[in-house]
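Structure first, then comments.
The values are calculated or read from the model by the stated rules, or taken from the named source; none is laboratory data. All values reported here derive from a predicted model rather than from experimental measurement. Heads up, the Cβs are rebuilt from the backbone with ideal geometry, glycines too, and the neighbour counts pull from every protein chain shown. Remember, those area values only see protein heavy atoms, side chains included, never the ligands or the DNA or RNA. Shrake-Rupley method; radii C 1.70, N 1.55, O 1.52, S 1.80 Å.
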Amino acid sequence: DILDMEYRVTALKERVSIDIDDNGRWLPLFGASCQGDFASMPTCWPYDNRSDPAGPDCRTVPQVNTSLLLGETTVQEVRQYLGRGKISSLPGITYQAQLSDREGNVLQIVPGQGYLYKERPRYSVMTNFSPFKRNREKHPWMGWDRYHTAVRLLEEAGDRLDVPGCFAILRATAQTACPTVVSMVFDPAKNRVFWCENRQWDQIKEQKMEG
């Protein structure tokens, strides 16, 4: 979900991230960290104004993802914060987040609607619709078909899922209306990240993280 945004892939021993240019600052918003966390930030369609910041001090999804990928916070700390505070998106757009840790726990955040914590699920899929609304509201970019394709392929793979299998799922669910720019797979057991850019599935890069 980085249409018309300038991006770069940063591959370090501490993290592999997709960084977005924010007025000269590069913000890591998607990717994996050496502490075993993974962060994504799909846009939720249609926009819901409840996701707008309640005030200037309101913590946002981009801030949470950046802190997670820089090792400044953990998934469990974000979960604790949600129990007493609010995380918003940016004005005029609903960014949601799916975060996971090395143990396989998953935290889904939809600003203004709520959050879901899943303890070591077999898998967790998030595309571009709210898991709270599902398909009650329609939008051409919501990814309802991609969601069900991913679920089906994950079910078929079962415990046999490996890195090539993950890329096969990413290929089957790659976007065309808002073209997929980076596709990434993280193996937390080996602390290795694999990725390709612009759907060039035969040009996969790899980084071993340490920390």
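Taking 1.306 mPa s as the viscosity and 10 °C as the temperature, the Stokes-Einstein diffusion coefficient of the chain based on its alpha-carbon Kirkwood radius rounds to 91 µm²/s. Peptides 153-162, 72-81 ranked from most to least packed by the mean count of surrounding Cβ atoms within 10 Å: 72-81, 153-162. Solvent exposure of residue 190, expressed as accessible area, is near 130 Å², computed with a probe of 1.4 Å over the protein chains only. What does the charge count near residue 77 come to, summing +1 for each Lys or Arg and -1 for each Asp or Glu among other residues with Cβ under 11 Å from its Cβ? Charge balance near residue 77 sits at -2.
Rg and Dmax of the stretch 6-88, based on Cα coordinates, read 13.3, 38 Å.
Straight-line cross-link reach from residue 118 at under 17 Å between alpha-carbon atoms covers these aspartates and glutamates, not counting any fewer than eight positions away in the same chain: 37, 77, 101, 103. Hey, if you drop one equal point scatterer on each alpha-carbon of the stretch 73-164 and run the Debye formula without solvent, what base-10 log of I(q)/I(0) do you get at q = 0.17, 0.22 Å⁻¹? The Cα Debye sum returns log10 ratios of -0.85, -1.23.
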